[in-house]
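Coordinate-derived values only; no laboratory data. Keep in mind that this is a model prediction, so the values were computed, not measured. Because the Cβ atoms are built from the backbone with ideal geometry, glycine has one as well, and the counts that use them run over all protein chains shown.
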Amino acid sequence: MLVLKNIEAGYGKIQILWNINLKVKEKEIVCILGPNGAGKTTTLRVIAGLLKPYKGKVLYKDKDITNLHPYERFKAGIAFVPETKELFPYMSVEENLLVGFENSGVKIKKRDNIEKVFELFPVLKERRSQLAKTLSGGEQQMLAIARALVSEPSLLMLDEPSTGLAPKIVGKIFEILPKLRESGLTILLVEQNVKPALDISDRGYIMENGKLVIEGDVDELKNNEKIKSVYLGYGK
């Protein structure tokens, strides 16, 4: 579904990504793991069209989308939930969800899609008239994900969804992601919370200093000695 070919990117003269080659197959959960500053968020920004690469290609459903604008990628089915969430604080939960339909091409399904995300996140239904800024951190993260889902994306990209959240809330969010995959959604997950990310993923990549240094299916990554010692806290 998604292929990055020899991507190099950065901000001005500061290069962040070096020769990134990455694949995400349809109906997979693929995680990108690594320390702060490794280039994980920059990779998602390139895919979303928020950052143009210096070189390389972004292919989505066998089409070159390297030069498409972010709204064109969104309309094609790529939804990006950034770490900052970017909610509208003085709009209600329901109003924030309605924003998710803009440029999506599924406006006719507004009510049905909102009810579907309320089934996934019952607390949002209870808070539907509440201002986004009054929600807890976990509820805001749920709203950010729900807003992306109402547009019926094919690919959902999540940037550090567990940041700053209590373990119980993190657990709830990570319970929902496999359900979304079972419904046919493809997910690219950037996380520092390594163990829960590996527990729900099919494959993964380890990124360090702007380069992908390890890749494999989940069993391979869990048994990799470097990952066990550096990222999971155990090993030889």
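Can you check what the net charge comes to around LEU143, using other residues whose Cβ is under 14 Å from the Cβ of LEU143 (Lys, Arg +1; Asp, Glu -1)?
Net of charged neighbours comes to +2.
Starting from region 86-179, pick out the chymotrypsin sites (Phe, Trp or Tyr not before Pro) whose DSSP state is loop and whose Cβ has at most 13 other Cβ atoms within 10 Å. Before the final figure, lay out the partial values.
Numbers: sites: TYR90, PHE101, PHE118, PHE174; in loops: TYR90, PHE101.
Counting only loop positions with at most 13 other Cβ atoms within 10 Å, the chymotrypsin sites (Phe, Trp or Tyr not before Pro) in region 86-179 are TYR90.
Would you look at the GNM of the chain, springs on alpha carbons closer than 10 Å, and say which of LEU98, LEU188, LEU158 moves the most?
Highest fluctuation among the options: LEU98.
Quick one: Cα centre-to-centre distance for region 185-235 and region 133-157, in angstrom?
First find each Cα centre; the distance between them is then 24 Å.
At 222 nm, what value in deg cm²/dmol follows for the chain if DSSP H runs of at least 4 each add -39500 (n - 2.57) and the sum is divided by all its residues, to the nearest 500?
Computed mean residue ellipticity for the chain: -9500 deg cm²/dmol.
Binning every alpha carbon pair distance of region 183-224 at 10 Å from zero, what are the percents per bin?
Binned Cα distances yield the sequence 25, 58, 16, 1.
Rounded to the nearest angstrom and ordered from largest down, what semi-axes does the equivalent ellipsoid of region 80-211 get from its C-alpha gyration tensor (root of 5λ)?
Computed over region 80-211, the values are 24, 17, 14 Å.
For a 25 Å ceiling on Cα separation, which of these pairs sit above it: LYS55/LYS226; LYS40/LYS125; LYS55/LYS228; LYS61/LYS179?
On the way: LYS55/LYS226 30 Å; LYS40/LYS125 32 Å; LYS55/LYS228 33 Å; LYS61/LYS179 22 Å.
LYS55/LYS226; LYS40/LYS125; LYS55/LYS228, as the Cα separations exceed 25 Å there.
Report the rotationally averaged projected area of region 82-149 based on its alpha-carbon convex hull, in square nanometres.
4.1
Return the ratio Rg/(2.2 N^0.38 Å) for region 24-140, where Rg is computed over Cα atoms only.
Rounded to two decimals, the normalised Rg is 1.22.
If you look at just the Cα atoms of region 164-236, how large are its Rg and its Dmax in Å?
Every Cα atom of region 164-236 included, Rg and Dmax give 13.0, 39 Å.
Using only the alpha-carbon atoms, how far is helix 167-182 inclined from the longest principal axis of the chain? Give it as 0 to 90 degrees, nearest 10.
90
Report, in degrees rounded to the nearest 10, the 0 to 90 angle that the Cα long axis of helix 110-120 makes with the longest principal axis of the chain.
For 110-120 against the chain, the angle is about 60 degrees.
If you line up the Cα atoms of the chain on their principal axes, what length do they span on each, largest first, in Å?
Between the extreme Cα coordinates on each principal axis of the chain lie 50, 41, 32 Å.
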